[in-house]
Amino acid sequence: MIRSIGIFGGTFDPVHLGHRHLLDEVIAAVSLDKVFIIPAKIPPHKMASGLTSEQDRFEMCELAFSDVDNIEVSDFELKNEGKSYSYYTVKHFRELYPDAQLYFIMGSDQFLTFDKWYKSAEILEMTGIIAVSREDEISHEELEAKARELSGGGSSIIAVNAKPFEISSTRIRELIGSGEDASMYLAPKVQEYIKENNLYRQEAKDPMQDKKKYGKYKDIIKDMLSKKRYQHSLNVADAAVKLAKLYGEDEEKAYIAGILHDVCKELPQEEQLALVLRSDLDVCEIEKKAPPLYHAVAGSVYVKEKLGINDPDIICAIRYHTVGCGNMDKLSQIVYIADLISEDRDYKDVKKMRKYAEQGLDKAMLEALKFSVADSVGKENTIPVSTLECYNDFVKANSKKEV
């Protein structure tokens, strides 16, 4: 008799050893008679474009867990039309197993925003939750505090701490797409399936791979910036291209805005201010009195006057990469986030921010702005009007979303 069931959903594009590691940690902590793996058709919290076929993702999941008797891959969400809302999945398994204790397995980032999910209260009436946190992501105390908040209605919520497993499906696709070895992150059968079906190789066709025609911009910033700031600019350009590819934005514009975003960062302060005062874009009095904010505005003027760049998208992306703005366009969001998650960044929560960047720009922007506003408040710094407008926009955007 099946008494307890775990439900573990995801895109699984591809399924990897990190997923297996997470389930091993869950099964070690919680006694489950059966676990269903649920590949999503269209995950509501992610961009769906470019997903590998449903059949490929389903078969890779079956291969990845073929050696475990109590794990079964279900095609329930793949067979249904529309987005894969968890409510309908849980309802399906509750009807199939009316007497079993169900547990929905999720990561800590999902768990902390669970109350914003589509029909979250109804989900809690049908199932318990197993929330898994890596040791370097969130404290067990924070996880348990959220569990107590959500379990007020009597729901069974279990917090499980897992040892870190540093890999993501996005990174695996990048490795395979560039011809690098990803076998250490994949079950052998999954690795062989990917090879036989030539999956993810198309990602190697990167229109930005040949950046020689942008060499003049590299030469300019190399002359104007320190070695460390120069490398940061290259890293931001690369991160911006990856995000542009993920979210359907112009990759060339993302690269140019990324590589030039700090072009005026190390100019003398008086030269930066002179450029700021010539800006055609709105610059509030707070910005005019805050030297650390000069470089973004100055850079947007510099690229127009000195480099002949007149594209308004690129100019805005450079101008607002530090303070943000209301009605922020996608390219500007991409450069703003790329600046925070570039390879050289090593602040405390950078790993979290990189995960948010994969989950959606709205979520990533809100988390970034929360950090920025809180930091300014803590230091008793003034906050530009454009930053507050930007923050309000993304609070509203995230509150309207149903996951």
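Could you please find all residues in the range 372-389 being under 25 Å from LYS352 (Cβ atoms), part of a helix (DSSP H, G or I), of a type outside the set (D, E, K, R) and touching a residue at least 60 places away in the same chain (Cβ under 8 Å)?
The answer is SER386, THR387.
Quick check on the range 355-371: of everything there that is free of Cβ contacts under 8 Å to residues at least 40 places away in the same chain and surrounded by fewer than 20 Cβ atoms within 10 Å (Cβ to Cβ), which residue is nearest to PRO164 (Cα to Cα)?
PHE371
I'd like the residue in the range 54-103 that is touching a Ser or Thr at 6+ places or on another chain (Cβ under 8 Å) and among the basic types (Lys, Arg) and, out of all such residues, is nearest to VAL15 (Cα to Cα).
Here the residue is ARG57.
Residue pairs, Cβ under 9 Å, 6 or more apart or interchain, first in the range 20-40 and within 22 Å of GLU166 (Cβ to Cβ) and assigned to a helix (DSSP H, G or I), second among the aromatic types (Phe, Trp, Tyr) and at pLDDT 90 or above. List them.
Listed pairs, sorted by first residue: ARG20/PHE65; LEU22/PHE8; LEU23/PHE8; LEU23/PHE65; VAL26/PHE8; VAL26/TYR103.
In the range 157-204, how many residues are closer than 18 Å to SER53 by Cα and in contact with a Pro (Cβ under 8 Å, 6 or more places away or on another chain)?
Count: 7.
Spot the failing condition for GLU343; the list is (1) surrounded by fewer than 16 Cβ atoms within 10 Å (Cβ to Cβ); (2) over 27 Å from the mean Cα position of the chain (by Cα), and only one is missed.
Looking at each condition in turn, GLU343 falls short on (2).
Does LYS91 satisfy the criteria of being of a type outside the set (Asp, Glu), assigned to a helix (DSSP H, G or I) and in contact with a helix residue (DSSP H, G or I) (Cβ under 9 Å, 6 or more places away or on another chain)?
Spelling it out, LYS91 is indeed of a type outside the set (Asp, Glu), assigned to a helix (DSSP H, G or I) and in contact with a helix residue (DSSP H, G or I) (Cβ under 9 Å, 6 or more places away or on another chain).
With the requirement that a residue be in a loop (DSSP other than H, G, I, E, B) and among the polar types (S, T, N, Q), what does the range 300-338 give you?
Hits for the range 300-338 are ASN310, THR322, ASN327.
The values are calculated or read from the model by the stated rules, or taken from the named source; none is laboratory data. Just so it is clear, the structure is predicted and the values come from calculations on it, not from any experiment. Please note: Cβ atoms are built from the backbone with ideal geometry, for glycine as well, and neighbour counts cover all protein chains shown.
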